[in-house]
1. Scan the stretch 236-278 for residues that are free of Cβ contacts under 8 Å to residues at least 24 places away in the same chain, open to solvent by 50 Å² or more (accessible area, probe 1.4 Å) and not in a loop (DSSP other than H, G, I, E, B) and jot them down.
2. Condition check: more than 16 Å from ligand 3 (Cβ to nearest atom) and of a type outside the set (Phe, Trp, Tyr). Does residue 129 satisfy that?
3. With respect to residue 152, is the statement that it is in contact with a Gly (Cβ under 9 Å, 6 or more places away or on another chain), part of a loop (DSSP other than H, G, I, E, B), touching a residue at least 60 places away in the same chain (Cβ under 8 Å) and hydroxyl-bearing (Ser, Thr, Tyr) true?
4. Within the stretch 292-324, restricting attention to residues that are touching a Gly at 6+ places or on another chain (Cβ under 8 Å) and part of a loop (DSSP other than H, G, I, E, B), which residue is most open to solvent (accessible area, probe 1.4 Å)?
5. Looking at the stretch 148-171 only, could you name the residues that are within 10 Å of ligand 3 (Cβ to nearest atom) and open to solvent by 60 Å² or more (accessible area, probe 1.4 Å)?
6. Taking the criterion of being buried (at least 19 other Cβ atoms within 10 Å of the Cβ) and farther than 20 Å from residue 165 by Cα, would at least one residue in the stretch 282-291 satisfy it?
7. Only one residue in 48, 72, 44 is aliphatic (A, V, I, L, M) and either within 25 Å of residue 185 (Cβ to Cβ) or over 19 Å from the mean Cα position of the chain (by Cα) (or both), so which one is that?
8. Please go through the stretch 37-67 and pick out each residue that is among the basic types (Lys, Arg), surrounded by 12 or more Cβ atoms within 10 Å (Cβ to Cβ) and more than 13 Å from ligand 2 (Cβ to nearest atom).
Amino acid sequence: MTSSSLMKCVLLFIGALVVVTSSVDAQLSTTFYASKCPNVTAKVADVVKGWIKSDRQMGPALLRLYFHDCFVRGCDASALLDGSQSEKQAAGNLNSLRGFNIIDDVKAKVEAMCPGVVSCADILALSAKEAMEAFGGITWTVTLGRRDGTVSSVTEANNDLPPPFANFTQLVSLFAKKGLTMKDMVILSGAHSVGFTRCATIQSRLYSFSTVTPTDPTIEPSFATSLKKQCKQGDQNTIIKMDQSKSTDTWDFNYYSNVIKGKVVFQSDQTLRTDSAALKIVQAQNKAGGPFNSEFQAAMLKLGNLGVLTGKQGQIRKKCNKIN
Ligand code: HEM
Ligand SMILES: *[C@@H]1O[C@H](CO)[C@@H](O)[C@H](O)[C@H]1NC(C)=O
Ligand SMILES: *[C@@H]1O[C@H](CO)[C@@H](O)[C@H](O)[C@H]1NC(C)=O
């Protein structure tokens, strides 16, 4: 064998290895844009930080936007598409998801720098992470290389997104449908340490729970009184902090102690103490300095891998709200 044919053999072998590994894995990587758009992360950080500086609430909003995208059809930016039958119209999204304007702004600035290169799905992943980092207290690794989908369905979103009145069994099965475990569900629910809910979302829990009792009896009584003060009967518009145990919205461990005390806003949150295995996880998280952050980071990485389009699948949208 000549040295050049030996070299060809070696290259072929390496090539085969790359093909084998990439077909096994989700194919995302932290360095995906290293040569195609090397400054994309810095640019996204820059733009998103500006927005968070003027409105801190947008940190949690972008985290939720990312969650809702990944949970329906995978992380393919389907949540961003306009349309009378798109995910935006779903019960869990309509008048509720926020931050679309920020994503559009980031996308425009990234397009100006690297036209046609960075997907909206990746911009969403990076923006959520940068936003929460600027918000303070939590970060996670973002892998890249997602491509954008061309389909967005209100029916799928209504079927897949967990509703706030879900019981434990329903939550576990909705997460299992996505390949996520009960523990992933409990850990990711810790995101409700931050952010806001509309009073509309908790009206029935406070005022028309059942024919037996107007108020959900699992709400700790003084907490119910306090929620009713902030959300008067019929109030659909006011927004209130989900973690009421603090005066400023910060990333912390309070969520899990709130679950234990009966001081969480949704039935879905409260249901985490109704199952003994879940309660054990809740109790383990309810320790300052506990493993919440690292477990949350691992779960976010898993979330970011859901149903991703890679390689030649999908497209790189020019604008995030419509397909090319
Ligand atoms: C376990 C099932 C879950 C349910 C039932 C649920 C439900 C909800 C609801 C109903 C709201 C308030 C919407 C409104 O009133 O407009 C909300 C807000 C929020 N959720 Fe969840 N969620 C769940 C899991 C998650 C996960 C896994 C994450 C992220 C990893 C997340 C992040 C957030 C954030 C950050 C907010 C605040 C958004 C804002 O302030 O704009 N949630 N969630
Ligand atoms: C990368 O982007 C950041 C933030 O927008 C900017 O400050 C920096 O100058 C950029 N670097 C290069 C090499 O373009
Ligand atoms: C949970 O909700 C589903 C759907 O409403 C219901 O069929 C099921 O019986 C509930 N499970 C429990 C344990 O309450």
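The values are calculated or read from the model by the stated rules, or taken from the named source; none is laboratory data. Please read all numbers here as calculations on a predicted model, not as lab measurements. A quick note on method: Cβ atoms are made from the backbone with ideal geometry, for glycine too, and the neighbour counts reach across all protein chains shown. These area figures cover heavy atoms from the full protein model, side chains too; ligands, DNA and RNA do not enter into them. Shrake-Rupley method; radii C 1.70, N 1.55, O 1.52, S 1.80 Å.
1. 273, 276
2. The answer is yes for residue 129.
3. yes
4. 318
5. If the condition is that a residue be within 10 Å of ligand 3 (Cβ to nearest atom) and open to solvent by 60 Å² or more (accessible area, probe 1.4 Å), then 165, 167, 169, 170 are the ones that fit.
6. yes
7. 72
8. 56, 64, listed by residue number.
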